[in-house]
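Down below is the structure, laid out as structure tokens.
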Amino acid sequence: MEYTFQFSVIRDNWAYLLQGAWITVSVTAVALAAGLIIGLVLGMTRLSKRKWVSLPALCYVEIFRNTPALVQLMWVYYALPVLTGIELNAVVSCTVALSLNISAYLGEIFRGGIQSIDRGQVEASRSLGMSYGQTMRKIVLPQAIRRMIPPFVNETVALIKYSSLVSILGVADLTYQANVLSTTTFRPMEIFSFIAIVYLVICAALSYSAQRIERRLAVVD
Amino acid sequence: MSDNKPMVRVEGLSKSFGSLPVLRGIDMAVAKGEVVVMIGVSGSGKTTLLRCINVLETPERGRIFVDDEPMGVHLENGAFKPFPERQLNEKRSHIGMVFQRFNLFPHLTALENVAMAPTMVKKLVKREADELGRQLLAKVGLSDKVDAYPNKLSGGQQQRVAIARALAMNPKLMLFDEATSALDPELIGEVLETMKQLAKEGMTMIVVTHEMGFAREVADRVLFLHGGSILEQGRPEEIFGNPQHERTREFLARIL
């Protein structure tokens with residue numbers, strides 16, 4: 001073991017790595033936002049009593065939860081231009097793929113959260129003349145979302161980590177930049193140690209702030 | 001106390017849970033301003049009957065009218081089909097319901113609980129809805145609990161907020177589903193007092209309860225349900241003083 005760490009490589013390529021971190025964060029953020037919207041729709045349709053509504057949602061969830069994310073990424077990247085006729089760049093197709101993937105998990109969290117709310121809440125609301133939509137928006141979801149925060153954070157942290165897969169398709173995220181840098185500088189140890197810490201800081205910060213939000217909301221329960 | 005026009009009319013109401021029949025062709029009419037108390041053992045169908053009136057429970061057959069308006073489509077073959085959601089919402093908004101387990105919205109304060117439906121359904125502006133909410137909370141004796149969340153209130157206080165919440169929609173009919181059954185004995189009185197006050201003001205009420213004292217004192221008519229049918233009904237002094245049916249006597253002997 002005659003290896004001397006030289007972290008100067010980080011200092012010299014600071015801006016380059018920061019650019020990658022920015023791509024990682026923005027791809028994750030957009031995928032999360034889209035995934036939340038699709039997930040909410042999935043969660044609600046999964047709860048429908050009508051089979052033709054709930055069954056497609058169930059299939060969607062099963063497909064995306066039971067195939068590798070990398071395969072999904074590849075599939076969207078190659079299949080989407082063929083299906084839609086629109087040429088998409090790697091960043092867009094990766095973001096789409098991650099959105100679809102995370103939405104399956106978020107959909108299950110929404111479903112569980114909504115189901116965990118006592119039926120009496122819905123009955124009380126409906127007995128007052130409030131519609132299904134109003135009941136969801138004003139009564140069920142505000143209570144359910146509190147309970148969903150911990151699993152949401154888990155999924156978000158997981159998403160940040162497997163967003164590194166996009167580097168395989170040439171998206172210049174943190175992992176991709178690190179890869180490029182390590183082949184040009186021959187300093188993979190320093191570079192990958194460093195980006196591991198960057199991922200760790202991002203994810204830990206997220207978990208911490210989620211804990212704080214949770215504690216603040218818990219006052220009411 | 002009541003004029004002749006019925007506020008609620010139920011004809012031939014039947015309902016099963018799976019293969020178990022819970023209502024067997026119920027006929028019932030409740031006059032405007034009348035207070036009807038339904039008694040009977042658990043499983044006799046009284047709660048289900050109550051819940052059918054605002055279609056929280058869907059009967060299989062029969063007709064339901066509230067204030068002379070049907071609550072669903074009455075099909076040729078006797079089957080009952082609930083109205084589509086929007087129509088049903090409008091009708092439900094005129095029927096207040098109070099539940100055994102209060103079902104207050106735990107993420108909202110007492111005032112927000114009361115003001116929610118007027119804002120969402122009647123489209124009152126916040127200021128008006130809040131004003132209404134304060135008035136109603138004062139009416140049930142909870143002026144000092146306006147900003148309290150349900151988990152900071154006693155059971156009796158929660159149930160009184162729930163009554164105020166139902167009253168906020170200015171209902172023409174109030175349904176009480178064992179409103180005091182989940183309460184500690186010392187808290188029952190305050191809720192019954194609020195219900196008595198409502199009855200005095202001329203509210204039409206259908207009350208499922210095990211509080212025979214309340215039935216005796218407040219009811220215009222008592223219905224005794226057994227096995228999904230109304231076995232016996234009459235003025236409280238008749239039912240309690242001189243029950244005609246063997247089952248009624250057994251029930252009263254056990255509960256009194």
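The values are calculated or read from the model by the stated rules, or taken from the named source; none is laboratory data. These numbers come from a predicted model, not from an experiment. Note that we place each Cβ from the backbone using ideal geometry, even for glycine, and neighbour counts take in every protein chain shown.
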Legend entry - Number of the condition not met by residue A:84 [criteria: (1) at pLDDT 95 or above; (2) away from every other protein chain (no Cβ under 14 Å)]: (1)
Legend entry - Residues of segment B:18-39 satisfying the condition of being free of Cβ contacts under 8 Å to residues at least 12 places away in the same chain and hydrophobic (A, V, I, L, M, F, W, C): B:20
Inset, instruction - Identify all residues within segment B:67-94 that are within 23 Å of residue B:206 (Cα to Cα) and at the interface with another protein chain (Cβ under 7 Å from one of its Cβ atoms); write none if there are none. - result: B:89, B:90, B:92, B:93
Legend entry - Whichever residue in segment B:101-136 is polar (S, T, N, Q) and surrounded by 17 or more Cβ atoms within 10 Å (Cβ to Cβ) and, among such residues, is nearest to residue B:55 (Cα to Cα): B:103
Legend entry - Given (1) assigned to a helix (DSSP H, G or I); (2) more than 9 Å from chain B (Cβ to nearest Cβ), number of the condition residue A:172 does not satisfy: (1)
Legend entry - Only one of B:200, B:196 that is surrounded by fewer than 16 Cβ atoms within 10 Å (Cβ to Cβ), at pLDDT 95 or above and under 14 Å from the mean Cα position of the chain (by Cα): B:196
Inset, instruction - Could you look through segment A:106-147, keep only residues that are farther than 16 Å from residue B:106 by Cβ and touching a Phe, Trp or Tyr at 6+ places or on another chain (Cβ under 9 Å), and pick out the one that is nearest to the other protein chains (Cβ to nearest Cβ)? - result: A:127
Inset, instruction - Taking residue B:66 as the residue in question, decide whether it is at positive phi, surrounded by 21 or more Cβ atoms within 10 Å (Cβ to Cβ) and modelled with pLDDT of 95 or more. - result: no
Legend entry - Given (1) aliphatic (A, V, I, L, M); (2) over 13 Å from the mean Cα position of the chain (by Cα); (3) crowded, with 23+ Cβ neighbours inside 10 Å, index of the condition residue B:98 fails: (2)
Inset, instruction - Identify, from the list B:77, B:89, the residue that is assigned to a loop (DSSP other than H, G, I, E, B) and without any contact (Cβ under 8 Å) to a residue 40 or more places away in the chain. - result: B:77
Inset, instruction - Return the residue satisfying two criteria in turn: it lies in segment A:173-197 and is among the hydrophobic types (A, V, I, L, M, F, W, C) and buried (at least 18 other Cβ atoms within 10 Å of the Cβ), and of such residues it is nearest to residue A:4 (Cα to Cα). - result: A:191
Legend entry - Given (1) surrounded by fewer than 24 Cβ atoms within 10 Å (Cβ to Cβ); (2) closer than 17 Å to residue B:255 by Cβ, number of the condition residue B:207 does not satisfy: (1)
Inset, instruction - Tell me which residues, restricted to segment A:35-69, are closer than 22 Å to residue A:119 by Cβ, touching a Ser or Thr at 6+ places or on another chain (Cβ under 8 Å) and touching a residue at least 40 places away in the same chain (Cβ under 8 Å). - result: A:42, A:46, A:47, A:57
Legend entry - Residue among B:23, B:56 that is at pLDDT 95 or above and more than 14 Å from every other protein chain (Cβ to nearest Cβ): B:23
Legend entry - Pair list, Cβ under 6 Å, 6 or more apart: segment B:104-131 residue within 11 Å of chain A (Cβ to nearest Cβ), other residue among the acidic types (Asp, Glu) and assigned to a loop (DSSP other than H, G, I, E, B): B:109/B:147
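Residue-by-condition table, conditions (1) assigned to a loop (DSSP other than H, G, I, E, B); (2) not aliphatic (A, V, I, L, M):
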| position | (1), (2) |
| --- | --- |
| B:13 | no, no |
| B:24 | no, yes |
| B:30 | no, no |
| B:36 | no, no |
| B:43 | yes, yes |
| B:56 | yes, no |
